[in-house]
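S.K.: Have a look at the structure that comes next, please.
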Amino acid sequence: MADLSFDVVVIGGGPAGYVAAIRAAQLGLKTACVEARGALGGTCLNVGCIPSKALLQSSEAYHQVLHKLKDHGVIVEKVGLDLGQMQKRKDQVVKKLTSGVEFLFKKNKVTYFKAYGRFTGAQTITIKGLEDGVEQILSTKHTIIATGSEPIELSIAPFDEKQVVSSTGALAFDAVPKHLVVIGGGVIGLELGSVWSRLGAKVTVIEAADNILPSMDKDVVRTMRKVLGAEGLEIHEKTKFVDLKKQKDKELIAIVEKDGEKIELKCDKVLVAVGRRAFTKGLGLEAINLPLEKNGKIKVDHHYQTAVQGVYAIGDVIDGPMLAHKAEEEGVACVELIAGKAGHVNYRAIPNVVYTWPEVASIGLTEQDAQIQKIEVNIGKFPFAPNGRAMAMGESEGFVKLIADKHTDRLLGAHIVGPSASELIAELVMAFEYSASAEDVARSVHAHPTLAEVIKEAALAVDKRSLHS
């Protein structure tokens, strides 16, 4: 009979859970991971980060052929779209990565259960096989809850994942929508809106807040509003989604309210992207008397310990940004702390990225945050327009903006709108990790010609001494 006792049991096989399980095994802890999806990688690898980026890449390639390659002297005639192949490629990318995680489990000797898991005691997890329904009881010294999050559903627009879709359904359309209405102008809404706009859909974005990307720096928002509008997205800010009507011919009518006036938007698809919430259903938390916070999340201390001894929580189920890389770092830190090591996450140095084109990447404070906190700052800003590499690429939209403490010159915030912003931000993440000043970045030699030179120029601009403007 199999030994079902473990040092660590991780419930959830997403970025937080699978990374925690691998690191725990590396540290010599007997480890199991329980995942009910049937594939590892969680939302991120299966129906989130990875498939959306695959479609974004494919749609950008299509958009480039139609609109940009002729400027490079590349003439392509009879351009066509094979959406089936595009979706097939996306699925292949997902399959390769999820299978890769399963290989890593085998390599690191992590026991993997394709099953539903629930607490029946602080040190006992009852699992029910996903395929055979067989129940088994795991005993464990430490349990890590890493069950992630799910899309928020609106009562006036429940998901059917055909016409009214979450991000999951919006990744699986079998035809390009004629008119896609996106409820929510945050990261998910703009990324998926961009995919289908590039492929030929009319896309209307409805955002209730004062502006799209509400948490971003206002300079970023202004530029993205202009760029996305030029790309074809119709953006309505300060606009409330109030109702949805389904017609007999399968046409939808999204009713929105702006400036006190109700507007009817006829469409064939509606994407509801108003945010995500912690997923804790069916975990049996009541069996161990573990309460949830008012926002549905689990409260933990600095060691990711919950109110129940030996039970931990990481990733989207606890406070903080719902980002895969944040979740991964918490997974590593949590098991290192369990193993008696000095696990730590620097929450000041977590980047955020929007994978539209141009991309957006940011870290730390916005200019508005600094004003609210009454921190005196110096700001350096430099555009991509005069940069040689950006010009050669034909991708000169955007800028780098750095925010530094006026008295110490320590970097407090960094914001990039431009080509490959998701890659460029890594330099500034490293700068934040080492508490670098703007002067440190300005004095670093950047290869020429590169996009990264714009970061150097922005750092020089903090002291009003940029060289190429």
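The values are calculated or read from the model by the stated rules, or taken from the named source; none is laboratory data. Note that the structure is a prediction, hence the values are computed from the model and not measured. Cβ: placed from backbone, ideal geometry, glycine included. Neighbour counts: every protein chain shown. Areas reflect the complete protein model, heavy atoms only, side chains present, ligands, DNA and RNA absent. Shrake-Rupley method; radii C 1.70, N 1.55, O 1.52, S 1.80 Å.
S.K.: Quick one: in segment 43-86, of everything that is small (G, A, S) and part of a helix (DSSP H, G or I), which residue is surrounded by the fewest Cβ atoms within 10 Å (Cβ to Cβ)?
M.R.: Ranking the qualifying residues of segment 43-86, first place goes to G84.
S.K.: Continuing with the same structure: Which number in (1) free of Cβ contacts under 8 Å to residues at least 60 places away in the same chain; (2) buried (at least 23 other Cβ atoms within 10 Å of the Cβ); (3) over 17 Å from the mean Cα position of the chain (by Cα) marks the one condition that I145 misses?
M.R.: Failing condition for I145: (1).
Residues are listed down the side, and each one gets a yes or a no for (1) assigned to a loop (DSSP other than H, G, I, E, B); (2) of a type in the set (D, E, K, R); (3) surrounded by 15 or more Cβ atoms within 10 Å (Cβ to Cβ):
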| position | (1), (2), (3) |
| --- | --- |
| D160 | yes, yes, no |
| F173 | yes, no, yes |
| P177 | yes, no, yes |
| G185 | yes, no, yes |
| I188 | no, no, yes |
| S197 | no, no, yes |
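S.K.: Output the residues belonging to segment 329-356 that are open to solvent by 60 Å² or more (accessible area, probe 1.4 Å) and within 20 Å of the chain's Cα centre (by Cα).
M.R.: Within segment 329-356, E329, Y347, R348, Y355 qualify.
Per-residue answers, yes or no, for (1) out of contact with any Asp or Glu (no Cβ under 8 Å at 6 or more places or on another chain); (2) in contact (Cβ under 8 Å) with a residue 40 or more places away in the chain; (3) not hydroxyl-bearing (S, T, Y):
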{"position": "V360", "(1), (2), (3)": "yes, yes, yes"}
{"position": "I363", "(1), (2), (3)": "yes, yes, yes"}
{"position": "E376", "(1), (2), (3)": "no, no, yes"}
{"position": "F399", "(1), (2), (3)": "no, yes, yes"}
{"position": "L402", "(1), (2), (3)": "yes, yes, yes"}
{"position": "H407", "(1), (2), (3)": "no, no, yes"}
{"position": "M430", "(1), (2), (3)": "yes, no, yes"}
{"position": "V441", "(1), (2), (3)": "no, no, yes"}
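S.K.: Further, regarding this structure: What's the number of the condition T408 fails, among (1) under 21 Å from Y355 (Cβ atoms); (2) hydroxyl-bearing (S, T, Y); (3) open to solvent by 50 Å² or more (accessible area, probe 1.4 Å)?
M.R.: Evaluating T408 over (1) under 21 Å from Y355 (Cβ atoms); (2) hydroxyl-bearing (S, T, Y); (3) open to solvent by 50 Å² or more (accessible area, probe 1.4 Å) leaves (1) as the failure.
S.K.: Could you list, in sequence order, the residues of segment 162-171 that are over 15 Å from the mean Cα position of the chain (by Cα) and open to solvent by less than 50 Å² (accessible area, probe 1.4 Å)?
M.R.: Within segment 162-171, Q163, V164, V165, G169, A170 qualify.
S.K.: Right, here's the next one. Go through (1) under 14 Å from P386 (Cα atoms); (2) within 26 Å of the chain's Cα centre (by Cα) for K456 and report which single condition fails.
M.R.: It fails just one condition, (2).
S.K.: Those residues that are farther than 19 Å from Q309 by Cα and in a strand (DSSP E or B), I need them from segment 111-136; list them, please.
M.R.: Selection gives T111, Y112, F113, K114, A115, Y116, I127, K128, G129, E135, Q136.
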